[in-house]
1. Please compute the net charge surrounding Gly97, taking Lys and Arg as +1 and Asp and Glu as -1 over other residues with Cβ under 12 Å from its Cβ.
2. Pairing the Cα long axis of helix 52-61 with the longest principal axis of the chain, what angle in degrees results, from 0 to 90 and rounded to the nearest 10?
3. When ranked by the protection proxy of mean other Cβ atoms within 10 Å per residue, highest first, what sequence do the peptides 336-344, 440-448 form?
4. What is the range 368-497 by shape, rounded, prolate or oblate, if you read a ≥ b ≥ c off the alpha carbon gyration tensor as root eigenvalues and call it rounded for a/c under 1.5, prolate for a/b larger than b/c, and oblate otherwise?
5. Considering only the other residues whose Cβ falls under 15 Å of the Cβ of Ser515, what net charge follows from Lys and Arg at +1 and Asp and Glu at -1?
6. Need the C-alpha centroid separation for the range 360-393 versus the range 39-87, integer Å.
7. Can you give the extra length, in nm with one decimal, that the chain gains between Thr453 and Asp398 once fully stretched, where that is 0.36 nm per residue apart less the Cα-Cα distance?
8. Could you work out the local net charge near Val326, counting Lys and Arg as +1, Asp and Glu as -1, over the other residues with Cβ closer than 12 Å to its Cβ?
Amino acid sequence: MTSVDAVRIDEQHPPTASAIVYKKEDKVIAKKWLEQRDRWVTLAKGEAGVNDAEVIQKALDSLTPDRSWKEKVVLIGDFEMNSAINIPSYTLLNIFGKLKLKDNTNTHLLRIDDQHDFEIIGGEIDGNGANQTDDTIIAVYVSNSYNFRIADVYVHDGRRMNIAIDTSSNFEIESCILEKAKVHTNLFIADVTARARVSDIISMRAYKHGIEILKAEGDESKHIVLNNIITYQNNSAGISIYRSKNVVVANAISIEDGLNPPTGTTKYSFYTEYSPNCQFINCLSYNSGAGLQFNLASHNCTAMNVYVINPQNENEVGLVASPNVVGAKFIGCYVEGAQRDGILIFSAKKCIVIGCTVKNCGQAGVTGRRNGIAIWDDGTNSCEDNIIVGNVCYDDQDTKTQEYGIKEAGSLTDKNIIMLNIVEGNSVAGVSFVGANSKVENNIGYTTENSGTATFSGDGSTTDFLIGDHGLAITDPSKIIVKVTPISSDAIAASPCVGYVDPNDNTKIRVKFASAPASGTDNVKIAWTAEVI
C-alpha cells in the first residue's frame with residue numbers, strides 16, 4: 001500500500017492502526033482513527049521533506065493518554081527527518097518505507113528515554129552519518145527503558161552508532177541488518193541491568209565493532225544472549241564484550257572482521273575484557289584478524305565448538321587466554337592457519353584445552369611462536385595449573401610451518417598437564433616442555449613412556465646387557481627412569497637387576513644384574529619400562 005488517501009486505509013473494524021502517516025504529492029499527512037465516528041480524520045499536515053518529523057511526532061502524541069495497552073502508528077513512504085522522533089510507552093511504530101536524517105541535523109533520529117512496552121518494527125532507518133558533524137549522534141537511541149523490541153529494521157550510516165541501548169533491561173533486538181556506523185559501532189549495548197536477547201542480526205562495515213557490550217553487570221545467570229549473529233568487515237571486532245558478565249554468544253559467524261582496527265581496538269572476531277562467565281558456543285571466525293581472546297580478568301569463560309580459520313594478523317593467534325585470566329575453557333574448538341600459535345595460554349591459570357584440533361599454524365609468526373598449542377608466560381605473571389588433554393595438533397602442508405604440536409615455555413611456566421594428545425607431523429617435534437612439575441604423558445607423536453621385553457643368553461660371567469633403543473622423545477638421562485623386572489628363572493636368580501640409560505649412547509638402555517646369569521641360550525628374560533620424568 002503506497003497511497004491511503006483515495007482508498008479506505010484499513011478494511012478491518014476496528015482498524016489495526018490507531019494512527020497513520022503517509023505522503024501525498026508535496027504533503028505529509030497524519031490521520032487518526034476515531035472510533036466514535038468510525039472513520040479516519042486528518043490529525044496533522046505539513047510540507048513533505050520539511051515537516052515530516054513534526055507530523056510523525058503528532059501522530060505518536062495523539063495516542064490514548066495513560067494507556068496500558070499498545071497502540072500502533074504506521075508510517076508509509078520515505079520521510080526526511082530534521083528532528084528526533086520520541087516514541088512513548090505502549091506504542092508500536094510500524095515502518096513501511098524509510099526514515100532518513102537530513103543533512104546537518106546533528107540529532108538522534110529515533111530517541112526513546114524512560115519508556116517501556118514499545119516496539120519498532122520494519123522499514124529502513126538512514127542516519128546519514130556522512131552528512132552530520134556531531135560524532136555523538138545515533139540513529140536509534142534507547143535509554144532507561146524496559147520491555148521493548150526492535151525487529152526487522154535495516155539501520156545504516158549512523159554517525160556514532162546505528163543502534164545504542166543504554167541502562168535498559170528486558171528487551172529484544174532481532175532480525176535486523178546494521179551497516180556502516182561512521183565513527184564507532186553498529187550495535188552498542190551498555191549498562192544493561194537484566195535480560196536482553198539479540199538474535200538474527202547482520203552487522204557489517206562499522207568503523208569499530210559490529211556489536212559491543214559494555215558494563216552489563218546484572219545478577220541474571222544469562223542476562224544477555226546473542227544468537228544467530230553474522231558480522232562482516234567491521235574494522236575492529238565482530239563482537240566485543242567489556243566489563244560485563246554472563247553473556248552468551250551462540251551461532252555467531254565473523255567474516256573478515258578486525259583487518260583494519262583503529263588504534264586501541266582489537267583485531268579479534270570475538271573479544272572479552274574484564275568479563276567473567278561469558279560463553280561462545282558454535283561460533284566461526286573466518287579470514288578475520290584473529291579468532292577469540294579472553295583478556296584481563298575474563299575468568300571462567302568458555303569457548304565451545306569455536307572454529308577459527310585463516311586468521312590474517314601476523315602478530316596474533318587463533319584462540320587465547322591472556323594474562324590474569326583464570327579458568328578459561330576451550331572445548332572442541334578448531335584452529336587452522338593461524339599466523340602465530342593456534343591456541344595460546346599466556347600467563348593464564350587453571351585453563352582447560354580439551355578435544356581441540358589445531359592445524360597448520362605458524363604461517364608468519366616469529367620462530368618459537370609457531371605452535372599448535374602454546375603454554376607460556378610473559379616473564380612477570382606465571383602460567384600454571386593448566387590442563388591440555390585430548391587434542392590433535394598436526395601439520396599436513398608440503399612445507400610445514402607448525403613447529404611444535406604443543407609447546408610449554410617461559411621461566412614462570414610450571415605445573416601443567418599435557419596428556420593424551422595426538423601431536424604427529426609437526427616440523428620440529430610433538431611436544432616441548434620446561435616445567436619441573438609439569439606432567440607430560442601418553443601423547444601420540446611424543447613418546448614419554450615405552451616398554452617391552454628383552455631376552456639374552458647368559459655366559460656365567462657377563463652381568464651387563466644392552467636392551468636396545470628406549471624410543472623416548474628425549475635423551476637426557478637425568479630425565480629418564482628405567483625399570484627392569486626379571487621374568488625367567490635364571491634372570492630372577494641373578495637379580496636384583498637395575499636398568500639405566502647407556503652412558504655411551506643416550507638413545508639406548510641397559511640392564512645390570514647383581515651376579516652373572518647362568519650360561520644358556522635365551523635363558524635370561526626381562527620386562528622393561530622407560531619413562532620421562
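1. Local net charge: -2.
2. On a 0 to 90 degree scale, this one is about 90.
3. Result, highest mean Cβ count within 10 Å first: 336-344, 440-448.
4. prolate
5. My count for the surroundings of Ser515 gives -2.
6. If we compute the Cα centre of each part, the gap is 59 Å.
7. Between Thr453 and Asp398, full extension yields 16.0 nm more.
8. Value of the local net charge: +1.
The values are calculated or read from the model by the stated rules, or taken from the named source; none is laboratory data. These numbers come from a predicted model, not from an experiment. Every residue, glycine as well, gets a Cβ built from its backbone with ideal geometry; the counts of neighbours run over all protein chains shown. With ligands, DNA and RNA removed, areas are computed over all heavy atoms of the protein, side chains included. Shrake-Rupley method; radii C 1.70, N 1.55, O 1.52, S 1.80 Å.
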